[in-house]
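Written below as C-alpha cells is the structure these notes are about.
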Amino acid sequence: MPVIRDTVVILNLILLISITAGCQKGQTADLETQQGTSPDADKSAAAFEAKLSDLLLAIKPDEPMKAERFQAVKERFKKIGLAFHDFKDKNQYYLPTPESHPEYYDENGRLKVSWRVHLLPFLGQNKLYEQFKLDENWDSPHNAPLAENMPDVFRSPDTPADSNKTRFRIFEGKWNRELGNTLSPTTMFPRGTPTQNKHFLDGTNNTVMVVEAGPDQAVEWTSPTNLNGFYPLEELGHTSASIPVLRADGSIMAVRKMIDKNVWKNIIGPQDNTRPNWREFTEIESMLTAEELRQFNHLKQIALAFHAYRKKYGKFPLADEHLTDNKPLLSWRVHLLPYVDQTDLYNEFHLDESWDSPHNKTLLKKIPDIYQFDSQAELGNTQAMTFSGKRTPFDLGSGSTGRDITDGFINTIQFVVAAPDTAVPWTKPVDLPFDPENPVKALGNLSSPEFIAVIMDGSIRYVPQNIPAEELSHLIQHKDGNVINVRLRRIIPY
C-alpha cells in the first residue's frame, strides 16, 4: 500500500541516520567537542529533512493528499480569497469590467493578463503590479519578463522555487440567456463581464472560486488561460485523490476528485439551483489542524454554554443572582462551568466570595482546557473575553436578555479571543473595556491580521484587525440599530 510504503521509506531514513550518527559519535566525540558538529552530519540531517518535506508536500496521482500539504495550500488560498474579496469590495465586481477598462480585454472578451496580476495590489505586491502594462498581452515584450517574479502565494508547495508556473486555476464559463431574457453565468468567471455577489443564487458557500489543478495543468502565472468550465473533471489533470478548492465565501475545502462530473459542474456554477451536501465528498479530517480543531470545538462549547445559561436564567451571564450589590464576584467563565461539563469544579467555588479570596484563589490553576488558547500563556490566565461597559450586552457585569439584542444575534459579538498580552485570570470578573472610538485596541498586541470572534448566533468568525472602528463598534453594540457592512470569514471544521 502506498501510504505504508512512504512510511517505511521515512522510517528507514530515520534508522539510517540514527545508526550513522550513533557510529560516528563514539569515534569522533573528542573531535566534535573541539570543533563542533561535523559539516557532513549537518548536510545529512538537512538532506533528510528535505526528503521528509518532499514526501509530505508532493502529490501522487489518485492517492490521498497528506494533511500537511493541504494545510500549506490552505494558507495560500486564504490570502487569495481575501484578495478577491478586497478587490470586489473596492470595485463591486470580482475582476475589472470591460465597461470600466476596455483596454484590459482582448477581442474575445478575455483579460490580457491573468486575474493573478490584477490581485497583486491586494496581496502586498504593489511594486510588481505597477510594472505591468495591463493593456498589453501577458506575453508582450514588456510583460513577458515579469513572469519570472511569481509571488509565492501562487506557488504550490511542491512547485520548484525557480518555476514561474502556477497550478492555482479558475474555471472560465460564459453568460447564458435564460427565460425572461436574463443572463446567468455558468461559472464564477464567465468570459466578458465578471460577476458580483448578486449573481450567486446558489450561495457563495456553494460556488468554487479557485482550485489546485495537477502539475500537467500548470501555466505561467501571468497567462490569462483558464480551465474550461464545461469539462471540470477532465480539466483538473493528474492530481491526487483530494482537490483543494477555495469557495466564493472564502472557505477552503479538500474535495474528493472522483465525484460525478455533474456534481463538479454544480459546485462551479453559481446559478444552477443546487445546494450540494459538501460533507458527502469532502475530506473532513483535513480541513483544520489538530490545534485549530481543538480551539474550534472549545469555542463552540463556550458559545453553546452561553445559550444554555440564558435558557435557565432568562439572560446571558451574569444573572442577578450571581451579582452582589450589582457587581460580580466571579467571572462569567466560572458561572458557565456547569454547562461545559465542569460541574464538579464549579461546586468547589465559594460563590459568595471574591475571585481572589484565599479559597477561590487556589482554584486559579485549575483552569479548564476549554478556556486556554495559547500554550505559552501563564497557567490560570485566559484570552476568552467579552466586551463590557455601556452599550454592550454585558454592562456592569449584568447580562442582557435575548429580547435586548434588537440588532439580532447574527450582528452581535458574544466574546472574542484577545491577544496573549491581554490575558486575565480566568476567574476574575474583568473583560475588555469597550471604546467606540478604537474598540480593537482593547484586544492587545495581535500577532495576526485577524482575530477570532464568536457571534451570538453561534458562528465563529475571523475579524480583520483593520476593520473600521465604526463597523466593529456596531458588532459589539447590541441595540444601536446598525448591522455590519463588512464580510467576516467564517471558521468551519470541514
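Read the figures in this text as sums done on the coordinates, not as results from a lab. None of these values were measured; they are calculated from a predicted model. All Cβ positions, even for glycine, are placed from backbone atoms using ideal geometry, and neighbour counts span all protein chains on display.
Brief remarks follow.
- Where a label projected 7 Å from the Cα of LYS361 along Cα→Cβ would reach, residues of the stretch 410-446 with amide N under 16 Å: 425-429
- Annotation for LYS311 and ASP435: the two label points, set 7 Å from Cα along the Cα-Cβ direction, are 3.9 nm apart.
- Pairs of Cα atoms nearer than 8 Å and 6+ residues apart set the relative contact order; for the chain it is 11 percent.
- The dipole here belongs to the stretch 67-286: it is taken about the Cα centre, uses +1 on the Cβ of Lys and Arg and -1 on the Cβ of Asp and Glu, and is about 440 debye.
- Taking amide hydrogens as placed 1.01 Å from N in the peptide plane, the amide H of LEU183 sits under 5 Å from those of GLU178, each at least 5 positions away in sequence or on another chain.
- Three-way shape call for the stretch 67-286 based on the alpha-carbon gyration tensor, with the a/c threshold at 1.5: oblate
- The calculated FRET efficiency for ILE410 paired with ASP369, based on their beta-carbon distance and R0 = 22 Å, is about 0.15.
- Taking 0.36 nm per residue of sequence separation and removing the Cα-Cα distance, the LEU446/SER100 pair yields an extension gain of 120.7 nm.
- Here the gap between ASN126 and GLU470, fully extended at 0.36 nm per residue and compared with their Cα-Cα distance, gives a gain of 121.1 nm.
- Residues of the chain were split at every exposed loop site, defined as GluC sites (Glu not before Pro) in a DSSP loop with at most 15 other C-beta atoms within 10 angstrom, and the longest piece left, sites excluded, is 179-352.
- Value at 222 nm in deg cm²/dmol, rounded to 500, when DSSP H runs of n ≥ 4 in the chain each add -39,500 (n - 2.57): -9500 deg cm²/dmol
- Simple rule: put +1 on each Lys or Arg Cβ and -1 on each Asp or Glu Cβ in the chain, find the dipole, and look at TYR104, GLY444, GLY408; the Cα lying farthest toward the positive end is GLY408.
- Residues ASP158 and LEU183, FRET efficiency given R0 of 51 Å [Cβ-Cβ distance, rounded to 0.05]: 0.80
- Under 13 Å, Cβ to Cβ, from LEU446 - net charge with Lys/Arg +1 and Asp/Glu -1: -2
- Pairwise centroid distance, computed over Cα atoms, of the stretch 401-442 with the stretch 212-236, Å: 45 Å
- For the stretch 290-490, convex hull of alpha carbons as volume per residue, Å³: 112 Å³
- In sequence order, calculated HN-Hα J values of the stretch 376-385 (Karplus, 6.51, -1.76, 1.60; Hz; x Gly/Pro): 8, 5, 5, 4, x, 9, 9, 9, 7, 9
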